[in-house]
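Encoded as structure tokens, the structure appears first; notes follow it.
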Amino acid sequence: MSEKTELDDAAARTDGTATHPTAPASSTGSAAATPDAPDPAGGSGGGKETEASLWADAWRSLRRNPWFLVSGALLVVIVAMAIVPQLFTSVDPGSCDLSKSRQAPSAEHWFGTDIQGCDYYTRVIHGARNSMIVGVVVSIGVFAFAVVVGLLAGYFGGWVDGLLSRITDMIFAIPYMLGALVFLNIIDTRGPIQVALVLMLFTWPTSARLMRGSVMSVVNSEYVMAAKALGAGHLTIMRRHILPNSLGPLIGYSTVFIGIIIGAEATLTFLGVGLQLPAISWGLQLTDAQSYVTSSPHLLLFPVIFVGVTVFAFMTLGDAVRDALDPKSKR
Amino acid sequence: MTRYIIRRLLQFIPVVLVSTLIVYALNFLMPGDPIRALAGERPMSEAAIATMREQYNLNDPFLVQYGKYIWGIITAGDFGSTFSGRPLSDIIAQRLPTTLMLAAVTFAIQAVIGIIAGILAGLYKDRFIDRLVQVTTVVMVALPTLVIGFLLQLIFGLNLDWFPIAGTRDGLVSYILPGIALAAVSTGMAARMVRGELVDALQSDYVRTATAKGLSRRRVVLRHGLRNSLIPVVTFLGADLATLLGGTMVIETVFNIPGLGAMIVDSIKGQEGTVVVGIVTLFLLFFVTVNLIVDLLYALLDPRIRYE
Amino acid sequence: MTNSSTAEPLLEVRDLQVEFRTKAGTAQAVNGLNVTLHAGETLAILGESGSGKSVTAQAIMGILDMPPGHIAGGEIRYRGEDLLQMPDERRRRLRGMNISMIFQDALSSLNPVLPVGWQIGEMFRVHRGVKRREARQKAVEMMERVGIPAAEKRAGDFPHQFSGGMRQRIMIAMAIALDPDVLIADEPTTALDVTVQAQVMRLLKQLQEEFNMGLILITHDLGVVADVADKIAVMYAGRVMEASDVYSIYSSAAHPYTRGLLASIPRVDGADERLDAIPGLPPALTDMPPGCPFSPRCAFATDRCRTERPELREIAAGHTAACHYAEDFITAEEDQHEPA
């Protein structure tokens, strides 16, 4: 609507028992007898929206979002691949035949074979698990940490906030790829857990800041004030009132974040400081493939597509969730 | 305005010191004694080692070492030297033009394509061009630089053979694919940002006023709508120019470009701490300087900041 | 009122229909509006939020957002020529030159990143082709004219550096820069402090007389109207409920809605009197009741009101009202004035 919101004519809008001074007709002007007409188009929406309907609304708008449907379907496949790769291939990723090294894709080997002559399709399918472990572990760990830091800083403010925010700022100032690169380099044996821990160390500030911001936007709301005035304890207020109302943005971001981390893990492994052989990993496949890019481009192509699709699916899904949970994005 | 500049310059100094200090501390995370690493397989006398330690200021307390290091950079452009004794400033002088070239190509792509796509989408909201930009940017923003780099290499380098897939032998042409790969995410974000800002601006009260003044549609959009919506994008692109240097590590490795980013990766693998710290310090100085310039530019464009 | 009502009107709105087409349905924002404005005359359009008064102003000005807005019918005649049939380019030239407008919130309505002098001067540059330096000089003159102190020095300042009242003066300077015939003021004082409100209204009134402009004052504030308006049209749910000269409205309002609005003004002299408010809310524009739109909130509504929509009809010379029982209200009023 283009109609500017005019200052409400309070007098005309306030309900009251109005008895008009001069009444030619005999009826008595009683407010109770007057049915409230619904709000006109462009009026304010009323503040009765409950938590439950926020989530229900979010779900309803998600179901109609094509990006959500596409990325959700992709994720179901990728997650299945990570948990039960046997669903997709019955070949053992360890059974390789050196005489069949670097064969092009064929009916027998859909994605061709790698340098050791292993079935590349099987190797790529089995690569999903390590990526997923790193992505999910980092995201969950950072989520939990960010909730604690954000809640404490946002709720208590003062020196608690000052201290936590300065620490956050310091870590934030270090580009996480660089920090992880240097740190991972000094660890001799690097499995998914080591990689995940180092990534957590350098990536949590973004989430913590986000959480702190949304806690602060809730903490001064009237219902929190009311709860405080009624003498509720800090823990009760945080659990009952602040957490449910401030988690939305972080939930969306954490899904996006899984995608970011999977991309970061593949990149670090490709650069030689992530996962190590004999682990099966898309990043390692990329490293090997780069030497043969002209003669066997399929070695590069398939892991690139898998990393790309996985990261895309997580980021797009997370964005859709974030939009759906953000009341401001409703048109 | 003058006071604003002075205040920003004063804030600039501690940021530089703290961030370079953190990076300098990274040096000590590197495994092994640098002097032993330097000596390699050769046996070295204790006296020689002591001399070396003195030469590299390794006997001083940490903060003093750091102070001497920064002082050397400021006064003499001395970033230290590699284990083989070659001054780091030589390496930087040799590799910097390559990385700057890559950064320039990337920045040009981001600014030109990102802004034009955003303007078109914002002006023709909900029409075909808008949908196209929206779909494209969702994909661009959601793919890691590494993946985009390899895909471009495979499709336009290898399959279509339009561009070289590695190295810098072909001059400007060599930088196009790496530039696109490095620019993709930010181009998508810039386009979305311009679109959003422009859509907001075109619905704003002051654009309505401009229409009520009887200005032509063209003047309303260009003078009143667009000018205001480009201000935040200037900030974004500026800040991004700085973070872009981090991406050079990946893209220079993918496209085998002999720049400073690839040098960082190689030095980390080769455990050459001084090289890593030297180049990263250079990047950081660039980063904070660019951010300072962007802030000043922002104040110049938006009077509301200037007079706060 | 002047005798100009016999002359050709400046602006004549006939049966204006404005719709908003949204997903929720079609909202009838303005439904069959008729108003006339003469030179030197002030017409107040009075109504609550959503009554269609701002939409009317935007439709006259030609700055309605289309879509979702859509002018479904009617005429807007400026000096006899229908603005709605006019080529876009010609209509654009009329905006700012012949018909101009000021808005409620001057802070958001002025461009935040351009100096105010530049924004006023733009009127001269675009419409008169005046050079930059001269345009600035004229802008300064306009700023002096609307009472901005040290105008020469402040022309280079930006909107956020001025106070609310000064900003609204800048809006006014911009709107009257090219000596327009018609000035539309959409809630010009609503965003201002009460003391400043009076100053700005006085300035508007004074400029109107000086330039012999027709002024359309869009407002919800009956207090503002009484001082400055010659004629009043009371709008409700996209329709005119009552229209007449300002005196008749205050002395003998014929529509229960108008009476309700009058009763809801706090009075200084009746300290113990109740402040009466109209119960309920206006109807949704997408879902209008079949009869009188005010009937759900009207204390006097009968079955006839709920089923048959009252037309706007003349109940006395120059006094129209859309109520089946309009005459009864006037009579009742007169009865009450009889000494007991």
### Query
Pick from C:Gly40, C:Gly50, C:Gly32: which is assigned to a strand (DSSP E or B) and away from chain B (no Cβ under 14 Å)?
C:Gly32
### Task
For residues that are basic (Lys, Arg) and in a loop (DSSP other than H, G, I, E, B), tally how many sit in the range A:66-111.
1
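Using the structure shown, decide if B:Val173 is more than 14 Å from every other protein chain (Cβ to nearest Cβ), more than 22 Å from B:Met263 (Cβ to Cβ), surrounded by fewer than 19 Cβ atoms within 10 Å (Cβ to Cβ) and at pLDDT below 90. Show your work before the answer.
Values: more than 14 Å from every other protein chain (Cβ to nearest Cβ): yes; more than 22 Å from B:Met263 (Cβ to Cβ): yes; surrounded by fewer than 19 Cβ atoms within 10 Å (Cβ to Cβ): yes; at pLDDT below 90: yes.
Considered against the rule, which asks whether it is more than 14 Å from every other protein chain (Cβ to nearest Cβ), more than 22 Å from B:Met263 (Cβ to Cβ), surrounded by fewer than 19 Cβ atoms within 10 Å (Cβ to Cβ) and at pLDDT below 90, B:Val173 comes out as yes.
Here's the yes/no breakdown for (1) at pLDDT 90 or above; (2) over 16 Å from A:Gly308 (Cβ atoms); (3) crowded, with 18+ Cβ neighbours inside 10 Å:
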position	(1), (2), (3)
B:Thr98	yes, yes, yes
B:Ile109	yes, yes, yes
B:Ile113	yes, yes, no
B:Ile116	yes, yes, no
B:Phe128	yes, yes, no
B:Met140	no, no, yes
B:Val147	no, no, yes
B:Leu154	no, no, yes
### Query
Just a yes or no: is a residue in the range B:188-201 assigned by TED's automatic domain parsing to the domain that holds B:Ala104, in contact with a Leu (Cβ under 6 Å, 6 or more places away or on another chain) and surrounded by fewer than 23 Cβ atoms within 10 Å (Cβ to Cβ)?
no
### Query
Which residue pairs have Cβ atoms under 7 Å apart, sit 6 or more places apart or on different chains, and have a first residue in the range B:106-121 that is over 16 Å from B:Asp200 (Cβ atoms) and a second that is basic (Lys, Arg) and modelled with pLDDT of 90 or more?
none
### Summary
Matching residues in the range B:266-284 (over 19 Å from B:Ala76 (Cα atoms) and not β-branched (Val, Ile, Thr)) number 7
### Query
Going through the range C:101-114 one residue at a time, which ones are more than 7 Å from every other protein chain (Cβ to nearest Cβ) and modelled with pLDDT of 85 or more?
C:Ile102, C:Leu107, C:Leu114
#### Entry: Criterion: crowded, with 19+ Cβ neighbours inside 10 Å and more than 17 Å from A:Asp161 (Cα to Cα) - qualifying residue of A:Val215, A:Val224, A:Val219
A:Val224
### Query
Filter the range B:262-308 for residues that are more than 30 Å from B:Gln94 (Cα to Cα) and among the basic types (Lys, Arg); which is nearest to the other protein chains (Cβ to nearest Cβ)?
B:Arg304
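Give A:Leu151, A:Leu163, A:Leu87 a once-over and let me know the one that is modelled with pLDDT of 90 or more and within 30 Å of A:Gln194 (Cα to Cα).
Selected residue: A:Leu151, the only one of A:Leu151, A:Leu163, A:Leu87 that is modelled with pLDDT of 90 or more and within 30 Å of A:Gln194 (Cα to Cα).
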### Number of the exception - B:Thr187 against (1) within 16 Å of the chain's Cα centre (by Cα); (2) within 12 Å of another protein chain (Cβ to nearest Cβ)
(2)
### Query
Among the residues of the range B:190-204, which ones are within 8 Å of chain C (Cβ to nearest Cβ) and modelled with pLDDT of 90 or more?
none
### Task
Look through C:Gly318, C:Gly270 and report the one residue that is of a type outside the set (A, V, I, L, M, F, W, C), at pLDDT 80 or above and surrounded by fewer than 15 Cβ atoms within 10 Å (Cβ to Cβ).
C:Gly318
### Query
Residue check: is B:Val265 closer than 30 Å to B:Leu158 by Cα, part of a helix (DSSP H, G or I) and not assigned by TED's automatic domain parsing to the domain that holds B:Val18?
yes
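So, in the range A:142-179, exactly how many residues are outside any helix (DSSP H, G or I) and either among the basic types (Lys, Arg) or within 14 Å of chain B (Cβ to nearest Cβ) (or both)?
Going through the range A:142-179, the residues outside any helix (DSSP H, G or I) turn out to be A:157, A:173-175.
Those still in the list that are either among the basic types (Lys, Arg) or within 14 Å of chain B (Cβ to nearest Cβ) (or both) too: A:173-175.
So the answer is 3.
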### Task
Determine whether C:Val55 is modelled with pLDDT of 85 or more and either outside any loop (DSSP other than H, G, I, E, B) or within 14 Å of another protein chain (Cβ to nearest Cβ) (or both).
yes
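Restricting to the range A:245-279, and then to whatever is under 26 Å from B:Gln271 (Cα atoms), touching a Ser or Thr at 6+ places or on another chain (Cβ under 9 Å) and part of a loop (DSSP other than H, G, I, E, B), can you tell me which residue is farthest from the other protein chains (Cβ to nearest Cβ)? Before the answer, list the steps.
Keep residues of the range A:245-279 that are under 26 Å from B:Gln271 (Cα atoms), which gives A:261-279.
After this cut, where a residue has to be touching a Ser or Thr at 6+ places or on another chain (Cβ under 9 Å) as well, the list is A:261-267, A:269-272, A:274-276, A:279.
Remaining after also requiring part of a loop (DSSP other than H, G, I, E, B): A:272, A:274-276, A:279.
Working: A:Gly272: 6, A:Gly274: 12, A:Leu275: 15, A:Gln276: 13, A:Ala279: 18 Å.
Filtering first and then ranking leaves A:Ala279.
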### Message
For a quick check of your reading of the model, give me the residue pairs whose first member lies in the range A:244-258 and is of a type outside the set (Val, Ile, Thr), whose second is surrounded by fewer than 23 Cβ atoms within 10 Å (Cβ to Cβ) and in a loop (DSSP other than H, G, I, E, B), with beta-carbon atoms closer than 9 Å and at least 6 apart or on different chains.
### Response
A:Asn245/A:Ser221; A:Gly248/A:Asp326; A:Pro249/A:Asp326; A:Gly252/A:Asp326
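The values are calculated or read from the model by the stated rules, or taken from the named source; none is laboratory data. Being a predicted model, the structure only gives us computed values, none of them experimental. All Cβ positions, even for glycine, are placed from backbone atoms using ideal geometry, and neighbour counts span all protein chains on display.
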